[in-house]
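Comments concern the structure below.
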Amino acid sequence: MLSKFKGTGTAIVTPFHPEGSIDFNSFEKLIEFQISSGVNYIVFMGTTGESVVLSPDEQNAVINCAVEVVARRVPVVVGIGGNNTRAVTDIIKRTPFEGIDAILSVSPYYNKPQPKGLYYHYKEVSGASPVPVIIYNVPGRTSSNIDAETTLKIAHGLQNIVGVKEASKDLEQIARIIKEKPENFLVISGNDELALPFMSLGGDGVISVISNAFPATFSKMVRLCLEHDFAAARALYLQLFDITQAIYADGSPSGVKAVLGHKGLCKNVVRLPLVKVNKSLNMQIVQLLEQLNNQYGIVD
């Protein structure tokens, strides 16, 4: 079962029409693009999907569309998290999980819970969920780090929690988790820009943003890492390095939506409080896309 979540999982965007409504036609095309390009699974309703600015009805519509379009061809992971433990578990209990393979649950934000609080939060989430849970540590967004000791306590103590999306950017913390985790616990990178060093430590894959735009190339890079062919993986990693940095320079998912817009995969529209990337960065993205095509033949 855990092999379903190894490799590349795309944290997919939610496309919008210019007036702000959800563009389900582009959404379906993006899903097909991911599957045909060889990603291992798709993550819906994450940060990249702008889940926090979707109404509950919109969230349900996106998930229903995703499950229908994917049609069991790849695993589906859905983001369900928050900083109110009872509210999170209530959402889980109300969710129909047909066609959903796992939950990605972000660490509680704003409250800044102690390690003990984090452990018991995830114990409640684990107990409520009928599908496996992947915890998500992203201190840059939550202002609260799940330290290695707490992650390892969760990994050894809560059976239904099968992995962590680790986005702390702290390679010492990541190495500690990989070294001391149980065998059946996945450690997945949450940072595209650290994908190669993360995988070289023994990571199990990446939940990626840049794979929205370059799923074939990025998935190949991750697959080469899993095969321990780091020389070949490094070449692809470095080819995508500049565009990967660019998509985060003026906020995410604003950056990757700019890339997707230029590639004609969806419209470059985000919802407030996000705005489009600035003109200078937008021009840089155009130049980087041309370079990837002309110099490396990367078009995906």
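Things to note:
- Excluding same-chain neighbours fewer than eight residues apart, the aspartates and glutamates reachable from K123 by a Cα-Cα span under 17 Å are D90, D147, E149.
- Shown in residue order for the stretch 96-109 are the 3J(HN,Hα) couplings computed by the Karplus curve 6.51 cos²θ - 1.76 cosθ + 1.60 at θ = phi - 60°: x, 9, 4, x, 10, 9, 6, 10, 9, 10, 5, 4, x, 9 Hz (x for Gly and Pro).
- Here is the tail figure for the chain: Cα pairs spaced more than 29 Å apart come to 30 percent of all pairs.
- DSSP-defined beta bridges in the stretch 1-106 - what % are antiparallel, rounded to 5: 10
- Karplus 3J(HN,Hα) series, Hz, for the stretch 219-236 with 6.51 cos²θ - 1.76 cosθ + 1.60 (x for Gly, Pro): 4, 5, 4, 5, 4, 4, 4, 5, 8, 6, 9, 6, 5, 5, 5, 4, 4, 5
- Once the Cα-Cα distance is subtracted from the 0.36 nm per residue extended length, the Y296 to K267 segment shows a gain of 7.9 nm.
- Scaling the Cα radius of gyration of the stretch 26-179 by the globular reference 2.2 N^0.38 Å produces a ratio of 1.04.
- Within the chain, antiparallel bridges make up roughly 5 percent of the DSSP beta bridges whose residues both belong there.
- Among the GluC sites (Glu not before Pro) in the stretch 29-108, those located in a DSSP loop and surrounded by at most 16 other Cβ atoms within 10 Å of their own Cβ are E98.
- Unit Cα scatterers, Debye sum, the stretch 1-41: log10 I(q)/I(0) for q = 0.19 Å⁻¹: -0.61
- Applying 1/(1 + (r/R0)^6) with r as the Cβ-Cβ distance of E58 and D229 and R0 = 51 angstrom yields a FRET efficiency of 0.75.
- Partner aspartates and glutamates whose Cα lies under 17 Å from the Cα of K6, excluding those fewer than 8 positions away in the same chain, are identified as D101, E166, E183, D192, D204, E227, D229.
- Taking a straight line from the alpha carbon of K116, these lysines sit under 27 Å away, with near neighbours fewer than eight places off in the same chain left out: K93, K153, K165, K169, K179, K181.
No value in this document is a laboratory result; all are computed from the given coordinates. None of the values given here were measured: they were computed from a predicted structure. Positions of Cβ are backbone-derived with ideal geometry, glycine not excepted, and every protein chain shown enters the neighbour counts.
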